[in-house]
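The structure under discussion appears below in the form of structure tokens.
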Amino acid sequence: MNYQRDMTGQEFSTQTNKAITLLGMSGVGKTTIANRLPKDSWFHYSGDYRIGTRYLEEPILDVIKRQAMKDPMLWDLLRADEISIEHRITVNNLDLVSKFLGVIGAGKNGGLRLEEFKRRQELHRRAEISAMLDVPDFILRARETYGYPNFINDAGGSLCELNEEGLMKKLAEDTLIIYLRPSTQLRQEIIERSLARPKPMYYRDDFFDLELPQYLSDTNTPSIDAINPDDFFRWIIPRLIAHREPLYRRIADEYGVIVDADEIMAIRSEEEFLQIVSAALDRR
């Protein structure tokens with residue numbers, strides 16, 4: 001079995017067709033890096049965009065329609081097919097995918113009941129697995145249909161949580177997995193940005209089932225229905241980051257390479273990017 005990480009730096013830099021997967025927390029700079037590479041030679045595959053426009057499109061629109069049909073006028077118009085509802089998900093605006101995941105807690109604060117919350121979480125998990133399994137096909141389509149020699153898989157922060165047999169092996173065969181390791185300062189900035197603007201996220205079942213009772217105990221919250229969704233997110237985000245970092249490292253140690261996020265975020269050219277990745281390959 002040949003993994004992309006088994007190349008030397010020289011072999012990578014001289015490859016005619018490069019394919020990489022960026023791994024790391026949301027906010028670490030994956031999309032920023034993808035946008036800095038030449039757009040005429042690098043095909044930017046956004047895992048979250050694929051999730052929202054292919055695998056969760058109908059569930060997302062169903063949730064929106066259920067809300068809209070609480071209004072009698074919209075109920076009549078939708079039932080008569082006189083109006084339609086469409087999403088406006090783009091590679092640079094993925095908020096709708098996040099909002100679909102929802103938050104657990106009091107309905108008056110926009111929270112979901114546990115059953116509905118877990119249903120959407122599982123839908124997202126399946127969608128993310130499917131989007132990552134689509135990567136090999138998109139590598140070929142990017143080259144043969146659209147003429148892009150290089151491919152960058154901008155994976156979601158929850159890639160490390162999927163625990164799907166064979167998925168990481170397959171990605172490692174088809175792409176070079178690069179873990180963007182945050183510095184202590186960047187990690188704190190990610191936490192602070194997340195605290196300032198809480199947003200729904202995917203949580204692995206075993207992690208969530210362990211943390212939820214702890215939150216109720218730590219905050220003296222009497223029940224799930226009494227949870228303030230934003231307070232819960234602010235409480236759990238540092239714990240989620242601490243939980244995910246060893247998972248990222250384990251994947252990188254087994255299947256990919258590690259680069260410092262601060263170093264790679266400082267790139268100003270494709271050449272600098274390739275030099276950093278090549279050096280990481282040679283350090284293995």
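Fully extending the segment from Asp62 to Thr8, taken as 0.36 nm per residue of separation minus the present Cα-Cα distance, adds 14.6 nm. Under a 5 Å amide H cut-off, with hydrogens placed 1.01 Å from N, Ile104 pairs with Leu112 among residues at least 5 apart or on other chains. Overall size of the stretch 161-284 from C-alpha positions, given as principal axis extents largest first: 55, 34, 19 Å. A Cα-only calculation for the stretch 1-62 places Rg and Dmax at 15.4, 50 Å. Hey, got a sec? Which trypsin sites (Lys or Arg not before Pro) in the stretch 1-80 land in a DSSP loop and have at most 10 other Cβ atoms within 10 Å? Loop-located and lightly packed - Lys70. Shown in residue order for the stretch 4-18 are the 3J(HN,Hα) couplings computed by the Karplus curve 6.51 cos²θ - 1.76 cosθ + 1.60 at θ = phi - 60°: 4, 5, 7, 6, 7, x, 5, 4, 5, 5, 9, 4, 5, 10, 9 Hz (x for Gly and Pro). Annotation: amide H of Thr21 within the under-5 Å range of Asn153, Leu176, Ile177, Ile178, sequence separation 5 or more or interchain, hydrogens built in the peptide plane. Using only alpha carbons, the stretch 1-116 has a radius of gyration to Kirkwood radius ratio (Rg to Rh) of 1.14. For every other residue with a beta carbon closer than 13 angstrom to the beta carbon of Phe232, add +1 if it is Lys or Arg and -1 if Asp or Glu, then tell me the sum. Summing Lys and Arg as +1 and Asp and Glu as -1 gives -2. Close amide H contacts of Tyr148 (hydrogens built in the peptide plane, cut-off under 5 Å, sequence separation of 5 or more or a different chain): Arg143. Across all Cα atoms of the stretch 55-160, the radius of gyration (one decimal) and Dmax (whole number) stand at 17.5, 52 Å. Listed values for the stretch 88-100 are Karplus-derived 3J(HN,Hα) couplings in whole Hz (6.51 cos²θ - 1.76 cosθ + 1.60, θ = phi - 60°), namely 10, 5, 10, 4, 9, 9, 10, 4, 5, 5, 5, 5, 4, and x replaces Gly and Pro. The charge dipole of the chain, taken about its Cα centre with unit charges on the Cβ atoms of Lys, Arg (+1), Asp and Glu (-1) only, comes to about 280 debye.
Converting phi to 3J(HN,Hα) with the Karplus coefficients 6.51, -1.76 and 1.60 and the offset θ = phi - 60°, the stretch 37-49 yields 6, x, 6, 8, 10, 10, 7, 8, 9, 8, x, 5, 5 Hz in sequence order, with x at every glycine or proline. Other residues within the sphere of radius under 14 Å centred on the Cβ of Ala68, judged by their own Cβ, net out at -2 (K and R +1, D and E -1). Summing charges over all other residues whose Cβ lies under 15 Å from the Cβ of Arg249, with Lys and Arg as +1 and Asp and Glu as -1, gives +2. Nearest 10 degrees is fine. How inclined is helix 57-68 to the longest principal axis of the chain, computing both from alpha carbons? So the helix axis and the longest Cα principal axis differ by about 30 degrees. Looking at the chain, the pairs of alpha carbons with a distance over 24 Å make up 54% of the total.
None of the figures in this text is laboratory data; all of them are computed from the coordinates on show. Just so it is clear, the model here is predicted, and its values are computed rather than measured. Here Cβ is always computed from backbone atoms with ideal geometry, including for glycine, and neighbour counts include all displayed protein chains.
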